1. Kindly indicate which of Phe116, Phe128 is outside the structural domain of Glu226 (by TED's automatic domain parsing), in contact (Cβ under 8 Å) with a residue 60 or more places away in the chain, in contact with a His (Cβ under 6 Å, 6 or more places away or on another chain) and aromatic (Phe, Trp, Tyr).
2. Could you grab me the full set of residues in the stretch 91-113 that are assigned to a helix (DSSP H, G or I) and either within 13 Å of Asn69 (Cβ to Cβ) or not basic (Lys, Arg) (or both)?
3. Can you tell me which residue in the stretch 31-54 is most open to solvent (accessible area, probe 1.4 Å), limited to those that are at pLDDT 95 or above and of a type in the set (Ser, Thr, Tyr)?
4. Kindly provide the set of residues from the stretch 273-298 that are under 26 Å from Val101 (Cα atoms) and modelled with pLDDT of 95 or more, ordered by number.
5. List the pairs whose first member sits in the stretch 178-206 and is under 17 Å from Leu79 (Cβ atoms), whose second member is more than 10 Å from the ligand (Cβ to nearest atom), and whose Cβ atoms are under 7 Å apart, counting only residues at least 6 apart or on separate chains?
6. Filtering the stretch 178-196 down to residues that are open to solvent by less than 10 Å² (accessible area, probe 1.4 Å) and in contact with a Ser or Thr (Cβ under 7 Å, 6 or more places away or on another chain), which residue is farthest from Val286 (Cα to Cα)?
7. Can you name the condition, by its number, that Val73 falls short on among (1) free of Cβ contacts under 8 Å to residues at least 60 places away in the same chain; (2) within 22 Å of Leu85 (Cα to Cα)?
8. Answer with yes or no whether Glu72 is under 19 Å from Ala303 (Cα atoms), acidic (Asp, Glu) and touching a Gly at 6+ places or on another chain (Cβ under 9 Å).
Amino acid sequence: MKPVKVGLLGLGTVGGGTVNVLRRNAEEITRRAGRGIQVTHASARDLKKARICSTEGIRLTAQPLEVVNDPEVKIVVELIGGTELARDLVNRAIANGKHVVTANKALIARYGNEIFNAARKQGVMVAFEAAVAGGIPIIKAIREGLAGNRIEWLAGIINGTGNFILTAMRDEGRDFADVLAEAQRLGYAEADPTFDVEGIDAAHKLTILAAIAFGIPLQFDKVYTEGITRITRADVGYAEQLGYRIKHLAIARRAAAGIELRVHPTLIPERRLIANVDGVMNAVVVMGDAVGPTLYYGAGAGAEPTASAVVADLVDVVRVLTSDPENRVPHLAFQPDALSDLPILPMDQVETAYYLRLQAADRPGVLADVTRILADQDISIESILQKEPLAGESEVPIILLTHRTLEKNMNQAISRIEVLSSISAKVMRIRLEQLSR
Ligand code: HSE
């Protein structure tokens, strides 16, 4: 059978990696897919730019629409990133009856519902394994491998840049800004690094994971998102003394009243495997009722790790090119007419434990005032750590770990603590998850 012709939008890091992997592993890929997969047409913004791949045998253009409108191309691979142009091109490809593979997490998180609807009407596939956690086949694992389970929760380190920063702050005692500058130099960070450090990139990915885990529509605008920019070296150190690591976690949890969707810095016990995922690596823990906790670990970005996921999607699409659309794996794991309308909980209805750091006057009764406020809000304390005042200073840092409580109760407690005359600065609050069953 003749090879399937593929059009690539974007020939940068991931596009170049995809061409290289398809070429290098052509024989194995053909044996798996049942047909060869050949990139025949590609678009790039700057045709003169040096590439990590050879473009021999590929028709190049600066106009992505030419690729999308090429009648020979059966599958369009969208690797240009961003949302607006990518959305137009993907919708156009679908309208032209082409299957789509994309690594674009922002596109799927924001416009996935619309795109999948259009794809269903046209009977084409839209595959997006590379959009979440780069090379880790997490979409496939949740959508297919765990299909027998009721997923209870998942928690992931799904932004490599943020993890690189927190790891260097802990291991090398460096400051946030200094490590961010290095991550940008090394090319890990998004074009706009606030997407990484403010948790937006992780929120895009969490939106996708939650949809396929719980069978809910994509709801990016309902994700609570908090970045890592306020984390200090001192917090990283105190967490360590208490047996915890601070990670920027994306968490989706099925609660009694709805679904929690949140991205924020989180203390997790250092003995958990995921607490030891360092540098730019990604990992996701998924808790299924039947299987228990499972952990997926690997490179979350980079040319060939991401290409690994793109090529796997291409193989999947080629395998089912001729199959009846009704019999394909649904985009969001659950049948489209069986999606659930479970509400996404507002953050004040979320239940979690907390790390609190207070800057307090070193005099009798201060701790009593604080613990009374917590008791009034029905918040139970798990441990307290009081540090020596620094030389020449009269204030001391007090670190409290609490048991689980509603965020609403904690907000009220913090407001009351912050107005005590013995407390001099805003309370530093970091959420804490045991990540046990
Ligand atoms: N900027 C992202 C990260 C790249 O740091 O993980 C992969 O999505």
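The values are calculated or read from the model by the stated rules, or taken from the named source; none is laboratory data. Note that the structure is a prediction, hence the values are computed from the model and not measured. Reconstructed Cβ throughout: ideal geometry from the backbone, glycine too, with neighbour counts over all protein chains shown. Accessible surface areas use protein heavy atoms only, side chains included; no ligands, DNA or RNA. Shrake-Rupley method; radii C 1.70, N 1.55, O 1.52, S 1.80 Å.
1. Numbers: Phe128 fails: in contact with a His (Cβ under 6 Å, 6 or more places away or on another chain).
Exactly one residue qualifies, and that residue is Phe116.
2. Asn91, Arg92, Ala93, Ile94, Ala95, Ala106, Leu107, Ile108, Ala109, Tyr111, Gly112, Asn113
3. Thr40
4. Going residue by residue through the stretch 273-298, those that are under 26 Å from Val101 (Cα atoms) are 280-286, 295-298.
Listed by number, the residues that qualify are Met281, Asn282, Ala283, Val284, Val285, Val286, Leu295, Tyr296, Tyr297, Gly298.
5. Going by the 7 Å Cβ cut-off, the qualifying pairs are His204/Ala109; His204/Phe220; Lys205/Ala250.
6. Pass one, the stretch 178-196, residues open to solvent by less than 10 Å² (accessible area, probe 1.4 Å): 179, 183, 196.
From what is left, the residues that are in contact with a Ser or Thr (Cβ under 7 Å, 6 or more places away or on another chain) are 183, 196.
Working: Ala183: 28, Asp196: 22 Å.
Ranking the candidates gives Ala183 first.
7. It is condition (1) that Val73 fails.
8. Details: under 19 Å from Ala303 (Cα atoms): no; acidic (Asp, Glu): yes; touching a Gly at 6+ places or on another chain (Cβ under 9 Å): yes.
Criteria not met by Glu72.
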